[in-house]
1. Just to be sure I understand, how many residues within region 47-62 are outside any helix (DSSP H, G or I) and under 20 Å from His612 (Cα atoms)?
2. Go through (1) under 16 Å from Gly191 (Cβ atoms); (2) in a helix (DSSP H, G or I) one by one and return the number of the condition Leu273 breaks.
3. If a residue must be out of contact with any helix residue (DSSP H, G or I) (no Cβ under 9 Å at 6 or more places or on another chain), outside any loop (DSSP other than H, G, I, E, B) and surrounded by fewer than 22 Cβ atoms within 10 Å (Cβ to Cβ), how many such residues does region 159-173 contain?
4. Give Gly517, Gly513, Gly480 a once-over and let me know the one that is assigned by TED's automatic domain parsing to the domain that holds Phe585, of a type in the set (Gly, Ala, Ser) and on the phi > 0 side of the Ramachandran plot.
5. Of the residues Thr371, Thr361, Thr423, Thr432, only one is in contact (Cβ under 8 Å) with a residue 24 or more places away in the chain, farther than 24 Å from Trp74 by Cβ, within 12 Å of the ligand (Cβ to nearest atom) and crowded, with 24+ Cβ neighbours inside 10 Å; which?
6. Out of everything in region 237-270 that is modelled with pLDDT under 90 and in a helix (DSSP H, G or I), what residue ends up being surrounded by the most Cβ atoms within 10 Å (Cβ to Cβ)?
7. Can you tell me which residues in region 435-445 are surrounded by fewer than 21 Cβ atoms within 10 Å (Cβ to Cβ) and touching a residue at least 12 places away in the same chain (Cβ under 8 Å)?
Amino acid sequence: MCGIVGALAQRPIMAVLLEGLKVLEYRGYDSAGVAVLDHGTAHVVKTAGKVAVLEAEVKAQGCDGPIGIAHTRWATHGKANEVNAHPHQVGNIILVHNGIIENYQELKHKLSFEGYTFKSETDSEVLAALIHYYQHRELKPDSSLKIHTSKFNAFNQALNEVKGTYGVAVIDTENPDAIFVARSGSPLVVGCGIGENFVASDIIALLPVTSKFIYLEDGDRGIIGRDHVMLFDRDQVLVNRPVQSIQVNPEILGKGPYKHYMQKEIFEQPEALRNTLMGRLDEDNVSANAFVAQEEQAHDFLEVLKHIEHVEMVACGTSYHAALVGKYLIEEHAGISVNVTIASEYRYKRTIVPPNSLFVTLSQSGETADTLAALELAQRQGYRHTLAICNVDNSSLVRMSQYVFLTRAGREIGVASTKAFTTQLIALLLLTIALGRAHHEIDEHEGANLIASLHQAPAVVHTVLQLDAKIQELSSDFVGKEHALFLGRGPMYPIALEGALKLKEISYIHAEGYASGELKHGPIALIDSKMPVIVVAPDNLWLPKLISNIEEVKARGGKLYIFSGKNFGHSAEATMIDLGTVSPFIAPLVFTVPLQLLAYHVAVINGTDVDHPRNLAKSVTVE
Ligand code: G6P
């Protein structure tokens, strides 16, 4: 993963680099570094820890310059310390890298033989050395007139030898007028200014300095100068990628009245759901424009669905949990079989593609490496159609897919995903209705009822958010707990998984989600008076069975917290949190919200870094 920022201007750019890094911390934050060139002298500052530590060190050293690159790291090869932090310098070459160089051991061996020694344990330093190696073989003493070309040739030669993924930016102490960039499997965007240009892993790093961007395509390499940007495609042909004007209000990046981004994003859910539904519903069906075709000649998606006999869904993390809910919904209401696989599993196993299958990817960021690789594989495997449910327009996933549903959750910054998840559920509810209507499994009457319950979702979530104070109060029960169990049945089973994931990722309490019918096959052995058991119990088909499982926990002295939609009797052993009557169709989405609040408040009490939990990153762009 990692975040990259680079800048080339006629003014000092350290502030641009550091501000850019701060907003890229969602991509990793275990160490950071920056390099600037000032009159041919390189200043490289690296620190372990978050960007704030780097900023203090830069201030202490007082360095700046008109060209530089910076990096915030999520460690893959080598510990999260100062030496392994980027940039890596080998002679005149200074490099930042996002991705994994898979054949780095082999290259390291070859370069060691040529006399290179390495300071860090990283794969990235090997790439810096390889560029240096080719540059010094390539550059003849009389070639100074063609300095860009020769140096760029060397850059290309090195990258041609690399296996793996990379977004890279390279500066050169001998050539302070260019940043070389390349993208293969990791995102990179060029920001265009007047007499200055920038590069970053994500446009948000550059919003304070420009609104004009060029998205690099996979395989692109290029030279960024102050007044020009030259890009070459994977066949090394000069290409003209469009400059896109993107207006994003930088204020959306603030926390407003909230203490953490995660808290803000939980409370933004009614609005996010409303935005995601807006203009996408007709009276008894999803509107024709809800799912957008990427190519002009493509068929209308609702027509396409008529021929779909199977759905394959692939995602990671929280998005994977959304897909699991989707399976229950689509099979139940639309009668179409659905398979759900974790992307990192999908990409390395044999898959049998049933005829007329739709391949659906779900991703908040649209940049998750495993999900992108799974989609690439699916395209080769001959899926009839591909659909991306994604929160980031222009992301790699969106650009690679045939049909797209943008979730319109707004920028999600907290590492633990909240509003992206519930808006993904909206997307899946719409897909369920569209498939059900296309296959005559949902008639007009039922279609109208389901649509009506969707319209209610934002208001119902708003009401559930009023439980915040109550949930905050009960979260103190979790102080000192090391384990927790989340139980659900049917579509609430994935919600139990998601509740457990939220709690473990931000509060560091070990939590497991279980289908409550499985309790007796193992987890029941863990239950005692110290074990909190959280049950997601809306009033639905599965409730009577779930109540039996609750009794099993009670009988063993477990401490129960029941989020219910129907009052089924209080007892001393259970804390009941009543959400009121909720339509079963939207219940997965609604019952997620109190679990998010619970995880949030427990994490705050535990004093963890809620928005940046240890070892995690928001966007996992390495495999
Ligand atoms: C990381 C994040 C999770 C997220 C997962 C998948 O692990 O920390 O919150 O669910 O990646 O990300 P995606 O952007 O593909 O939904």
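The values are calculated or read from the model by the stated rules, or taken from the named source; none is laboratory data. Since the structure is predicted, the reported quantities are computational estimates derived from the model, not experimental observations. Ideal geometry is used to build each Cβ from the backbone, glycine not excepted, and the neighbour counts take in all protein chains shown.
1. 4
2. Looking at each condition in turn, Leu273 falls short on (1).
3. Counting residues in region 159-173 that are out of contact with any helix residue (DSSP H, G or I) (no Cβ under 9 Å at 6 or more places or on another chain), outside any loop (DSSP other than H, G, I, E, B) and surrounded by fewer than 22 Cβ atoms within 10 Å (Cβ to Cβ) gives 1.
4. Step by step, each of Gly517, Gly513, Gly480 is checked, and only Gly480 is assigned by TED's automatic domain parsing to the domain that holds Phe585, of a type in the set (Gly, Ala, Ser) and on the phi > 0 side of the Ramachandran plot.
5. When all the criteria are applied, what remains is Thr423.
6. Per the stated criteria, the residue is Leu253.
7. His439, Glu441, Glu444, His445
One line per residue, one yes/no per condition, for (1) over 16 Å from Gln379 (Cα atoms); (2) among the small types (Gly, Ala, Ser):
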residue: Glu303; (1), (2): yes, no
residue: Lys306; (1), (2): yes, no
residue: Ser319; (1), (2): yes, yes
residue: Val338; (1), (2): yes, no
residue: Pro355; (1), (2): no, no
residue: Thr361; (1), (2): no, no
